Amino acid sequence: MSSLKPTGVLQNKYFSVPICNAMRFQDLAHKVYRSNKIKQHIYAVRLMLQSMDDGEISISAYDTAWVALVKDINGSDTPQFPSSLEWIANNQLADGSWGDKSIFLAHDRIINTLACVIALKSWNLHIDKRELGMSFIRENLSKIGDENAVHMPIGFEVAFPSLIEIGKKIGIDIPDDSHVLREIYT
């Protein structure tokens with residue numbers, strides 16, 4: 001019977017509970033611990049959301065290039081979204097590529113770069129940037145074969161050959177003697 005008598009009180013700023021035995025104390029302590037952990041996680045998520053610059057997502061050079069290809073819906077022979085072409089022109093990296101400047105992943109950089117070169121070529125803009133981009137592709141294409149397949153973007157095997165075909169149709173000289181390209185096409 002003595003185990004049912006309160007032996008103390010467990011409290012935090014939300015509630016106060018008498019402790020009746022060691023087993024109940026451990027159970028209650030665990031609940032308080034979980035509650036505090038949940039609050040810590042909520043706080044961490046709030047901090048992450050607040051640091052996202054008003055909810056903006058990171059810009060993808062590949063997606064921006066596709067948007068840049070859209071023609072004016074009113075029938076003029078101009079881009080519907082000229083700011084996407086401005087973004088492409090202003091965000092080429094020093095090595096001639098487009099993509100994440102803080103990490104080099106060959107698959108990602110090459111597909112982003114080819115997409116941006118295609119967008120610029122489609123509108124006959126920035127021949128210097130296109131040439132620099134194609135130089136990057138020629139110099140780095142073989143790195144795709146050396147890179148861990150885990151780093152390959154989803155759909156690369158479909159999207160990259162499609163981009164190569166689009167590029168060839170609009171007159172971009174894409175090297176087709178690469179062993180990497182032969183592997184992709186087989």
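Here are the numbers:
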| read-out | value |
| --- | --- |
| In order through region 144-153: 3J(HN,Hα) via Karplus (6.51 cos²θ - 1.76 cosθ + 1.60), integer Hz, x for Gly, Pro | 4, x, 8, 7, 4, 4, 4, 8, 6, x |
| Cβ-based net charge around A61, under 11 Å, with every Lys or Arg adding one and every Asp or Glu removing one | -1 |
| Simple spin-label estimate for I127 and K37 in nanometres, 7 Å along Cα-Cβ | 6.4 nm |
| Cβ-Cβ FRET estimate between A149 and W66, R0 fixed at 30 Å, reported to 0.05 | 0.80 |
| Nonlocal amide H pairs with K71, under 5 Å, H built at 1.01 Å | Q80 |
| FRET efficiency, S142 to I170 (Cβ-Cβ, R0 22 Å, nearest 0.05) | 0.35 |
| Gain upon complete extension [S135, N91; 0.36 nm per residue less C-alpha separation] | 14.2 nm |
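All of the numbers you see were taken from the coordinates with simple rules; none came from a lab. The shown structure was predicted, so the numbers you read here are calculated from the model rather than taken from an experiment. Quick reminder, even Gly has a Cβ in these numbers, built from the backbone with ideal geometry, and neighbours come from all protein chains shown.
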